[in-house]
2 protein chains.
Amino acid sequence: MTIAVDAMGGDNAPSDIVKGALKAAKQLRATSVLLVGDQKVIERLLPRRFVPRNIDIVHCSDAIRMDEHPGPSLRRRDQASMVVAARLVNNGKAQAMVSAGNTGALHQIALLEIGRLKGVRRPALAALLPTEKQPAMALDLGANADCKPEYLVQFAYMGSTYANRVLGVKDPRVGLLNIGTEVGKGNTLVIQSRELLAAAPGLNFIGNIEPTGFFQGQADVVVCDGFVGNMMLKTAEAVSEFIMKRMRQAATSNTRAKVGGALLRPSLRSLKQDMSHTDHGGAMLLGLKGIVIKCHGRADWEAISNGVRVAEQALDREVLARIAECLNPTGVQV
Amino acid sequence: MTIAVDAMGGDNAPSDIVKGALKAAKQLRATSVLLVGDQKVIERLLPRRFVPRNIDIVHCSDAIRMDEHPGPSLRRRDQASMVVAARLVNNGKAQAMVSAGNTGALHQIALLEIGRLKGVRRPALAALLPTEKQPAMALDLGANADCKPEYLVQFAYMGSTYANRVLGVKDPRVGLLNIGTEVGKGNTLVIQSRELLAAAPGLNFIGNIEPTGFFQGQADVVVCDGFVGNMMLKTAEAVSEFIMKRMRQAATSNTRAKVGGALLRPSLRSLKQDMSHTDHGGAMLLGLKGIVIKCHGRADWEAISNGVRVAEQALDREVLARIAECLNPTGVQV
């Protein structure tokens, strides 16, 4: 198995990308890691001696900036690290790619260069989010701002397959993200999707689920359109930032609070970790003919290393073949 | 001015409702408060002597339960406290109503019994949410799950008018809630709404705003469709609950943390207050021919008392007349 890593994408590229990929390569000895980017720059970041055998460089001279507007012109950027990495997947030289670069560009390039699995209407951006119990998967988190009910049903199959194969969840509980739990609640898209989901064979559909239920861990997978999913994600980030800021203010407001904050800090570390993206290995674009992992733009080397490991797991557990089976059997044509 | 209070709606009805209304009546001597509900029950909750002169009871024998599904049959519930309160506004015996009851029912009853202001396409549920700076208004928070771009423009006028008249914000900054700040980001509704908002006269439209920007206080008003707004609200509640729960766990995990938590607690009180609904006086349905304040279902007496005060302010500052002016002048027909 070979995983292509976009060495030039992300706020901390290339240094953290190279460091994270190196770390992962050392752990995953049976997997080859291709660092895609400027050879000279990457070489300087690798250790002088003892580079793991399973790491290699694919040189290219261009990179897509974080603030570039994704447009059709991206495809002509033959030398951009993200495009080169996607083409490695396309022509079979790699089976997965990992990038912390521009999300919009990655979505577009992956769609064009790698292409959809047969039967998939729209690939979806999926990620594991922390809950009071185990992390749960949410999709779509932003790949498709406008969706049809049929897309949400496919998201449900893809998410359920991933949760089952990679996370080892038996018969994953799939919920429909909504503003109320009762039947008939929500907007037209959600009401129509609910009917289709309830009738879809082979899904453990548990009905509507509100954000509270999701963060309490009531579902293993929730589906939603990409606008709503991204809004939930961004609101969760904004609110945790808001609360953390206020806590820091409170913990420095007077001597008593300062002492309290200092004593409490070690116990809060795991919460902080959950709220950060480092440990969840980023998001993935599900529904393409290759595994595509999107790490957070601010990903550090640990997050990148996690991203590579997640890609390896998804390949190892044959997620794509199982998704294809779900969406293309006789009878479950959606 | 007269404000009708639905004494029978809400998880803590009728005791907290009566107590809160009583408190408000004592403060707002020029305003009459009508307690709508079961006379005998309410009388038992009032002090034996010295009931303020500006408080009165309007008896009715029925009440809409919190879990009742809002349907057309609600209108025939002549004796339900929520319906009676709305009719008091309709026939001019009150100018505002306050309820902590069933949100869906309130929306439907208010729409049918009180009716829309001339020119208003859809009333919107609006509320003040805490930000890093001053509280900011968001609407629609759930009255209309499916919206057209024109509705969002009206929400912008209504929110801007309220922020200006009641909150005293000069030239309120109005943002469009979105998953990105760039032009062209978002779903079809948002992209079309942005164009209309940018062209709408008399609005200080500042463009797209993400949840982070909203909670940082970058806008005085944000508009969105009711599904997205309610999703933001519910996500914010879910995430703060999640974080607070984890903090409590952390603060009891060992002796060191327990001491730290105890020392820090007083300084965290204002954060907790901001996160709770008590101080923000609930949400309001804007765009109707009367002021309709919706307190949280879990509202305690303080929240109810705040709700009555907010209604009084809105009446005092003639918010409805100003909204009508905005939406019905020559030239700003939307």
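Only the coordinates and a few stated rules stand behind these numbers; no lab work does. Remember, it's a predicted structure, so these values are computed and weren't measured experimentally. We place every Cβ from the backbone using ideal geometry, glycine too, and count neighbours over all the protein chains shown.
Could you grab the Rg to Rh ratio for the stretch B:157-255? Cα atoms only, Kirkwood for Rh. Walk me through the numbers on the way to the answer.
Working: Rg = 17.0 Å, Rh = 15.2 Å.
Radius of gyration over Kirkwood radius for the stretch B:157-255 works out to 1.12.
Every other copy gets compared here: list the nm distances from the B:Glu241 label point (7 Å along Cα to Cβ) to its counterparts, shortest first, one decimal.
When each copy's label point is compared with this one, the spacings are 2.4 nm.
Given labels modelled 7 Å from the Cα in the Cβ direction, how far is it in nm from B:Asp56 to A:Gln249?
If labels sit at B:Asp56 and A:Gln249, their model points lie 4.5 nm apart.
Enter the per residue convex hull volume of chain A, computed from alpha-carbon coordinates, in Å³ rounded to the nearest integer.
Dividing the Cα hull volume of chain A by its residues yields 148 Å³.
Inter-copy label distances at B:Gln79, 7 Å along the Cα→beta-carbon direction, one decimal in nm, shortest first?
8.4
Relative contact order of chain B, please, whole-number percent, based on alpha carbon pairs below 8 angstrom and at least 6 residues apart.
Numbers: 705 pairs, mean separation 78.8, N = 334.
It rounds to 24 percent for chain B.
Using a label position 7 Å from Cα in the Cα→Cβ direction, what is the ascending list of nm distances from B:Lys170 to the same site in the other copies?
6.7
222 nm [θ] for the protein assembly as shown, helices only, -39500 (n - 2.57) per DSSP H run of 4+, per residue, to 500? List each step's numbers first, then the result.
Details: 22 runs with 284 residues, N = 668.
Result for the protein assembly as shown: -13500 deg cm²/dmol, rounded to the nearest 500.
Determine how many Å³ per residue the convex hull of the Cα atoms of the protein assembly as shown encloses. Working shown, then result.
On the way: hull volume 115.1 nm³, N = 668.
Given the Cα convex hull of the protein assembly as shown, per-residue volume reads 172 Å³.
If we count other beta carbons within 10 Å of each Cβ, what is the order of B:Ser15, B:Ser99, A:Ser267, fewest first? Intermediate results must be reported in sequence, preceding the final value.
Details: B:Ser15 15, B:Ser99 34, A:Ser267 21.
In increasing order of surrounding Cβ atoms, one gets B:Ser15, A:Ser267, B:Ser99.
Taking every alpha carbon pair in the stretch A:5-47, what does the distance histogram look like in 10 angstrom bins from 0, in percent?
31, 57, 12
Tell me, B:Arg53, A:Arg265 in order of fewest to most beta-carbon neighbours within 10 Å? Let's see the in-between values first.
Details: B:Arg53 9, A:Arg265 15.
Sorted ascending by nearby Cβ count, the order is B:Arg53, A:Arg265.
Note down the net charge around A:Ile42, summing +1 for each Lys or Arg and -1 for each Asp or Glu among other residues with Cβ under 12 Å from its Cβ.
Values: positive: A:Lys19, A:Lys40, A:Arg44; negative: A:Asp6, A:Asp38, A:Glu43, A:Asp56.
Net charge in that neighbourhood comes out at -1.
Between A:Ala321 and A:Lys272, what is the label-to-label distance in nm when each label sits 7 Å out along the Cα-to-Cβ direction?
4.4 nm
From zero up to wherever the largest Cα-Cα distance of the stretch B:5-120 sits, split into 10 Å bins and tell me the percent of pairs in each.
In whole percents, the pair-distance histogram is 15, 47, 30, 8, 0.
Using DSSP, restrict attention to beta bridges with both residues in the stretch B:137-294 and report what percent are antiparallel, rounded to the nearest 5.
Numbers: 3 of 14 bridges.
Here the share of antiparallel DSSP bridges comes out near 20 percent.
Once you've got the GNM for chain B with C-alpha springs shorter than 10 Å, pick whichever of B:Leu177, B:Leu22, B:Leu74 has the biggest mean-square fluctuation.
Among B:Leu177, B:Leu22, B:Leu74, the largest GNM mean-square fluctuation belongs to B:Leu74.
Please give me the summed charge of the neighbours of A:Met66: other residues whose Cβ is under 13 Å from its Cβ, Lys and Arg +1, Asp and Glu -1. Could you put the intermediate results ahead of the total?
Details: positive: A:Arg65, A:Lys294, A:Arg298; negative: A:Asp6, A:Asp11, A:Asp67, A:Glu68, B:Glu182.
Residues near A:Met66 contribute -2 overall.
Given R₀ = 30 Å, what would the calculated FRET efficiency be for B:Arg265 paired with B:Gln27, taking r from the Cβ atoms and rounding to 0.05?
On the way: r = 30 Å, r/R0 = 1.00.
E(calc), rounded to 0.05, equals 0.50.
If Lys and Arg each add +1 and Asp and Glu each add -1, what is the summed charge of the other residues whose beta carbon sits under 10 Å from the beta carbon of B:Gly287? Provide the component values of the computation, followed by the final result.
Details: positive: B:Arg116, B:Arg121, B:Arg122, B:Lys289; negative: B:Asp140.
In short, +3.
Between the DSSP loop rule and a limit of at most 16 other Cβ atoms within 10 Å, which trypsin sites (Lys or Arg not before Pro) in the stretch A:142-197 are left?
On the way: sites: A:Arg165, A:Lys170, A:Arg173, A:Lys185, A:Arg194; in loops: A:Lys170, A:Lys185.
Answer in residue order: A:Lys170.
Enter the Cα centre distance for the pair the stretch A:126-156 and the stretch A:182-199, rounded to the nearest angstrom.
The stretch A:126-156 and the stretch A:182-199 have Cα centres spaced 15 Å from each other.
Rank the residues A:Thr212, B:Thr252 as a footprinting-exposure proxy: fewest other Cβ atoms within 10 Å of their Cβ go first.
Working: A:Thr212 16, B:Thr252 12.
Lowest to highest Cβ neighbour count: B:Thr252, A:Thr212.
Any idea what the alpha-carbon Rg over 2.2 N^0.38 Å comes to for the stretch B:51-114?
Numbers: Rg = 11.8 Å, N = 64, 2.2 N^0.38 = 10.7 Å.
Normalised Cα radius of gyration, the stretch B:51-114: 1.11.
Amide H to amide H under 5 Å from B:Ala4: which residues, 5+ apart in sequence or cross-chain, H placed 1.01 Å off N in plane?
Under 5 Å from the amide H of B:Ala4: B:Leu34, B:Gln95, B:Ala96, B:Met97, B:Val98.
If the label point is 7 Å along Cα→Cβ of B:Lys133, which residues in the stretch B:178-218 have backbone nitrogen under 16 Å from it?
Within reach of a label on B:Lys133: B:204-218.
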